[in-house]
1. Please list the non-local residues whose amide H lies under 5 Å from the amide H of His35, H modeled 1.01 Å from N, same-chain partners needing a gap of 5 or more.
2. Distance in nm between label sites at Asn85 and Glu142, each 7 Å beyond Cα in the beta-carbon direction?
3. Within the stretch 62-88, name every residue whose backbone N is under 18 Å away from a label modeled 7 Å from Cα of Gln6 along the Cβ vector.
4. If one takes the longest principal axis of the Cα atoms in the chain, at what angle in degrees, from 0 to 90 and to the nearest 10, does the Cα axis of helix 71-81 lie?
5. Enter the angle in degrees (range 0 to 90, nearest 10) between the Cα long axis of helix 92-104 and the first principal axis of the Cα atoms of the chain, meaning the one along which they spread out most.
6. Please report Rg (one decimal) and Dmax (integer) in Å for the Cα set of the chain.
7. Please give the contour-minus-distance gain from Asn269 to Ala96: 0.36 nm per residue of separation, less the Cα-Cα distance, rounded to one decimal in nm.
8. Over the chain, calculate the relative contact order: mean separation of alpha carbon pairs under 8 Å at least 6 apart, over the residue count, as a percent.
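Each value in this text was obtained by applying a stated rule to the coordinates, not by laboratory testing. Please read all numbers here as calculations on a predicted model, not as lab measurements. Neighbour counts are summed over all protein chains in view; Cβ atoms, including those assigned to glycine, are modelled from backbone coordinates with ideal geometry.
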Amino acid sequence: MAAVNQHPIVLFHYPGSLWAAKITAYLALRGISYHECIQPGVMPRPDLAGLNIHYRRIPVLAIGRDIYFDTVLMLEKLEQLFPGNTLGARDPTSRALEKTLEKWIENAVMPSIIGSLPPAFLDNEQMVKDRRQCWDSEISVEAQEKGRPLSLVNLRTHFNFLESLFSDDRHWVLSTDNPGLADIHTAFALDWILGMPGALPEHFFLDEFPKTFGYLKRYRGVLDAANIQGPKPESLAGPDAANLIIESDFVEPEGDVEHDPTLLKKGQNVALWRTDESAFSRSINRDLGRLSALTSHEP
Ligand SMILES: N[C@@H](CCC(=O)N[C@@H](CS)C(=O)NCC(=O)O)C(=O)O
């Protein structure tokens, strides 16, 4: 098998994608070279369908011929497969805190961020029509207007939590010298909404949470510097990205189905879909294949 850094990385994403910002930040902070294949912001995505991928979320990451869905898995793989200047915490307590922050942002902070977006953000018929296929919740300018006050109140409590974390003037979440994975988890989504002029009410948070704003400014500064100094992603058209992936070797060994509590067996035909999408989305955005591996890390 070739050394892992000889395997190309291809990131499928679109500009403005909140979750893709997390992966691009990670790659930039580590100075890892990659290719990108820019996708439409709405379905269909023929470049992915051409690779027989029906998962509808962005980003999608290929390392060699292996394709990874969901940033949780992508970050774990990049940490494992590309040793050297990794960004993850080393000791068990910090690692546990890092994971907890990842989940806190995804499950608690993210809904407040999305709910805090100005209703005008949804004044896009094509995008609203597309996202209604994916989610069961009501998506409209009116629903956004109605839900926004609660989201802003919740967002304020999240800022409050961070303000107390930074009260001792630490620079980074785990008091490290440089930003680590815990900082990417904590900052990427807040950085995304702050980068959207007028998304948060002016001075609503700024006066109350100066240390958190200082932290987010630091994060943005380090990221801007890494983007200027580091390798620029090489853009590929869909067919070129597909060829590069198909002609690459698998980067990971095939693996096994380990003690699966639902008794799935290696080699069995399976369908894969996200459980957090609408019934309609689950019925069409599902991937079919033969099960190779299933572990407690990759359930
Ligand atoms: N948990 C997923 C979330 C990905 C996600 O929701 N991405 C958004 C874009 S930022 C998305 O795909 N929305 C629906 C779409 O673009 O079709 C991850 O970590 O990768």
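1. Ile9, Val10, Leu11, Glu234
2. 5.2
3. From the stretch 62-88, the list is 63-66, 81-83.
4. Helix 71-81 sits roughly 60 degrees off the main axis of the chain.
5. For helix 92-104, the angle is close to 80 degrees.
6. Spelled out, the Cα radius of gyration and Dmax of the chain are 19.9, 58 Å.
7. 58.8 nm
8. Values: 386 pairs, mean separation 81.9, N = 299.
So the answer I get is 27 percent.
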